[in-house]
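The values are calculated or read from the model by the stated rules, or taken from the named source; none is laboratory data. All values derive from a computational prediction rather than experimental measurement. Positions of Cβ are generated from backbone atoms using ideal geometry, with glycine treated the same way; all protein chains shown enter the neighbour counts. Calculation scope for accessible area: heavy atoms of the full protein, side chains included, ligands and nucleic acids excluded. Shrake-Rupley method; radii C 1.70, N 1.55, O 1.52, S 1.80 Å.
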Amino acid sequence: MSNASICERLANPSRPVFLLGDVPPGEGTPPGKCQQIADKFLQRSRVLASDGFIVYDIQDEPGRSDMERPFPFRRVMDSSAHAALLARSSGRECLVYKCVADPDFDGWLQRARDDHGHSAINVVGRPSSEGIYEGPTISEAMEKVNATENMHFGCVCIAERHTLEAAEARGKAYPTEHLNMLRKQKAGSEWFISQAVYDAEPTIRLLRDYAAICKQAGVTPKKVVLTFAPVSRAKTINFVKWLGVRVPKEAEELILNAERPVEKSVEFLCGILRNILSECLGVGVPLGISCESVSIFKSEIDGCHALFRQLQGILLDARGSPWKVQWIEVMPRAGSRADVDEDEEIVAATNTNDQDGYALCKAGFAGVVLGSAVVSFGVMLGGSKRR
């Protein structure tokens, strides 16, 4: 599976997928500076066993919340262009987010494929149901991607919409996000990416209901990639809440009152994933993990990398069978063999079922320069029995 495309990894129900999120540089950043920013991101993340990167499409979203935006909005460069820079510099593909509120959506789609070489995008709806937006509807956008050769797409799923409170506010007897997911799946969505998770209960309900509605409809659930973002400051937590993420008061107090808030945040989010896995065991929804830092604070970026490693170990351990992390050259040196046989790949770490189920830190990755860590074997929630 090491040569599989990011689309194949996202769509394959028999293995998890592990992604790392990034935000493009500010609009108008000179090309040389853009390359430096991309290189810095890749330098930090190269030892993480990721399948690729998510590049977000940042919108102003003035109608998103009544809360004041904690961080001022700044326009950023096109998500497709930045993703192309990351892919060409790292040898790893990107999943590119694209908001449908773009009058040139068709042109963007063609450039993303033909000029930037992308094949995987995540179609995102309009920032708010209020206001006037140019561009296609989400349904029209999905049709356009489906009609574009060699392009695949996924959509977002928002567990906060799948609460009883949200249903009551919309005059519904029960939440309907699982129905939205099924509708998008029937329209061609090959995977789903969640909003950042800080409350396990809505996600547990959504996964169970999505699995049930898929069974009723006679279709196989698509992979759901759960997103996690560590925090260490009140301002960052407020921004996460402004984005629409449900952060329980007790979780906020637990993190901010800790001696080392970012470490407590990582610990808390690992507990969230364990809870989700425990409560959804056997439902048959394939899972993946995405981690991102929603700020530029170094402690939170470092926390994102630590969180990625730990969540990866937790999800792989849930499979109940041995796994390992290894590295390969994704961009071979001139004169070297381009193809590396699987039995010649260098083992960097092996699961030893320690306290956190993750021995990556003990093994280390000294000397990895052109290498890219990859995960061997996989896990599907409820898809394999313990041996």
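Quick rundown of the values:
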| quantity | calculated |
| --- | --- |
| Count of residues meeting criterion [buried (at least 20 other Cβ atoms within 10 Å of the Cβ), part of a loop (DSSP other than H, G, I, E, B) and not acidic (Asp, Glu)] in region 49-60 | 3 |
| Residue check, residue 265 hydroxyl-bearing (Ser, Thr, Tyr), surrounded by 20 or more Cβ atoms within 10 Å (Cβ to Cβ), modelled with pLDDT of 95 or more and over 18 Å from residue 225 (Cβ atoms) | yes |
| Region 5-34: number of residues that are at negative phi and either of a type in the set (D, E, K, R) or surrounded by fewer than 15 Cβ atoms within 10 Å (Cβ to Cβ) (or both) | 12 |
| Contacts under 9 angstrom Cβ, first residue in region 22-42 being farther than 15 Å from residue 78 by Cβ and without any contact (Cβ under 8 Å) to a residue 60 or more places away in the chain, partner open to solvent by 30 Å² or more (accessible area, probe 1.4 Å) and among the aliphatic types (A, V, I, L, M), 6 or more apart | 35/85 |
| Filter result for the condition that a residue is over 21 Å from the mean Cα position of the chain (by Cα) and closer than 25 Å to residue 312 by Cα, over 234, 229, 258, 217 | 258 |
| Residue count, region 86-139 (criterion: within 17 Å of residue 57 (Cβ to Cβ), touching a residue at least 40 places away in the same chain (Cβ under 8 Å) and surrounded by fewer than 16 Cβ atoms within 10 Å (Cβ to Cβ)) | 1 |
| Among the candidates 175, 202, 248, residue that is within 27 Å of residue 314 (Cα to Cα) and surrounded by 16 or more Cβ atoms within 10 Å (Cβ to Cβ) | 202 |
| Region 277-293: number of residues that are aliphatic (A, V, I, L, M) and either at positive phi or buried (at least 22 other Cβ atoms within 10 Å of the Cβ) (or both) | 3 |
| Residue within region 110-132 that is part of a strand (DSSP E or B) and either farther than 19 Å from residue 192 by Cα or touching a Gly at 6+ places or on another chain (Cβ under 6 Å) (or both) present | yes |
| From 184, 215, 235, residue being among the basic types (Lys, Arg), at pLDDT below 95 and part of a helix (DSSP H, G or I) | 235 |
| Filtered residues of region 30-43 (kept if over 23 Å from residue 122 (Cβ atoms) and not small (Gly, Ala, Ser)) | 30, 31, 33, 35, 36, 39, 40, 43 |
| Positions within region 238-270 being out of contact with any strand residue (DSSP E or B) (no Cβ under 8 Å at 6 or more places or on another chain) and assigned to a loop (DSSP other than H, G, I, E, B), in sequence order | 246, 247, 248, 257, 258, 259, 260 |
| Members of region 130-172 that are among the hydrophobic types (A, V, I, L, M, F, W, C) and in contact with a strand residue (DSSP E or B) (Cβ under 9 Å, 6 or more places away or on another chain) | 138, 141, 142, 145, 151, 153, 155, 156, 157, 158, 159 |
| Some residue of region 61-76 being part of a loop (DSSP other than H, G, I, E, B), at pLDDT 90 or above and either surrounded by fewer than 22 Cβ atoms within 10 Å (Cβ to Cβ) or not basic (Lys, Arg) (or both) | no |
